[in-house]
Protein chains: 2
Amino acid sequence: MQRPFLHPSTDDLRLESVLYALADPVRLEIVRRLATGDCPLNCSTAAPAHLAKSTQSHHFQILREAGLIRSERRGTEVVNTVRCAEIEAKFPGVVSAILKAAKPLPCPDA
Amino acid sequence: MQRPFLHPSTDDLRLESVLYALADPVRLEIVRRLATGDCPLNCSTAAPAHLAKSTQSHHFQILREAGLIRSERRGTEVVNTVRCAEIEAKFPGVVSAILKAAKPLPCPDA
């Protein structure tokens with residue numbers, strides 16, 4: 001059986017970890033795609049397609065540990081959502097301003 | 001003669017560099033102190049006092065290269081200001097929301 005994903009509680013969210021997680025262009029793009037989509041996305045859809053699976057997983061792990069996303073297994077697939085409301089309540093305006101300022105990443109798969 | 005400080009132009013500011021620079025608690029505290037003060041601060045006043053000079057310089061360099069601060073020599077001292085207006089114009093709301101969410105760093109020199 002696969003291990004469940006661990007998500008920090010809202011109390012444990014740290015501003016520095018959120019900023020560090022979003023300081024990488026690929027991770028910023030993943031969060032941007034998740035936030036602009038209306039539904040949970042699996043990892044392959046949310047991440048730039050040219051990335052190796054292991055690199056994708058690493059980025060999703062950092063985003064999860066920073067409290068930016070929530071990951072859930074649905075059958076064989078993992079779907080992800082941004083923890084918008086919780087992040088907004090904890091750090092008002094921070095992630096929404098960052099996402100507004102972020103430009104879509106030019107990707108080979110775009 | 002000492003080398004002049006290099007500051008990126010507004011066009012060259014990158015969101016990821018700004019976030020990376022602020023993802024460190026000491027650098028976030030330096031920018032918070034500079035932004036809440038009304039006047040330029042020298043490095044020793046803006047940085048937590050327990051830091052070694054070389055560590056201070058490294059943090060100021062990262063902040064300068066990200067375009068967050070402007071440093072100027074005045075005699076033997078270096079004074080720093082936050083590039084508030086330029087950063088706000090380029091990435092509206094980002095740094096102001098981050099600074100509002102940032103808590104003062106508990107420091108031995110506080």
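The values are calculated or read from the model by the stated rules, or taken from the named source; none is laboratory data. Source: prediction; values computed, not measured. Cβ coordinates were reconstructed from backbone atoms using ideal geometry, including for glycine residues, and neighbour counts include every protein chain displayed. Protein only, heavy atoms only, side chains kept; ligands, DNA and RNA dropped before computing areas. Shrake-Rupley method; radii C 1.70, N 1.55, O 1.52, S 1.80 Å.
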**Fill in**
Reported set for segment A:71-95 where residues are more than 14 Å from chain B (Cβ to nearest Cβ) and within 16 Å of A:P8 (Cβ to Cβ) is A:S71, A:E72, A:N80, A:T81, A:V82, A:R83, A:C84, A:A85
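Yes or no: A:A102 open to solvent by 10 Å² or more (accessible area, probe 1.4 Å), in contact (Cβ under 8 Å) with a residue 60 or more places away in the chain, more than 10 Å from every other protein chain (Cβ to nearest Cβ) and under 26 Å from B:F91 (Cα atoms)? Give the derivation first.
On the way: open to solvent by 10 Å² or more (accessible area, probe 1.4 Å): yes; in contact (Cβ under 8 Å) with a residue 60 or more places away in the chain: yes; more than 10 Å from every other protein chain (Cβ to nearest Cβ): no; under 26 Å from B:F91 (Cα atoms): yes.
In short, no.
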**Prompt:** Within the group A:S57, A:S17, A:S44, which residue is polar (S, T, N, Q) and closer than 27 Å to B:A66 by Cα?
**Reply:** A:S17
**Message:** Quick test of your reading of the structure: A:A97 fulfils all but one of (1) farther than 20 Å from B:A21 by Cα; (2) surrounded by 14 or more Cβ atoms within 10 Å (Cβ to Cβ); (3) out of contact with any Leu (no Cβ under 9 Å at 6 or more places or on another chain). Name the failing condition by number.
**Reply:** (1)
**Request:** Please specify each residue of segment B:2-25 satisfying the condition of being part of a helix (DSSP H, G or I) and facing chain A (nearest Cβ under 10 Å).
**Result:** B:L15, B:E16, B:S17, B:V18, B:L19, B:Y20, B:A21, B:L22, B:P25
**Message:** Any residue that is in a helix (DSSP H, G or I), among the small types (G, A, S), open to solvent by 40 Å² or more (accessible area, probe 1.4 Å) and more than 10 Å from every other protein chain (Cβ to nearest Cβ) - is there at least one of those in segment B:55-70?
**Reply:** yes
**Request:** Quickly run through segment B:26-49 and pick out the residues that are open to solvent by 40 Å² or more (accessible area, probe 1.4 Å), within 15 Å of B:P104 (Cβ to Cβ) and part of a loop (DSSP other than H, G, I, E, B).
**Result:** B:A49
**Message:** Condition (residue is at pLDDT 95 or above and in contact with a Cys (Cβ under 7 Å, 6 or more places away or on another chain)) applied to segment A:56-69: is it met by at least one residue?
**Reply:** yes
**Message:** Residue under question is A:D24, and the condition is that it be modelled with pLDDT of 90 or more, acidic (D, E) and more than 12 Å from the chain's Cα centre (by Cα); does it hold?
**Reply:** no
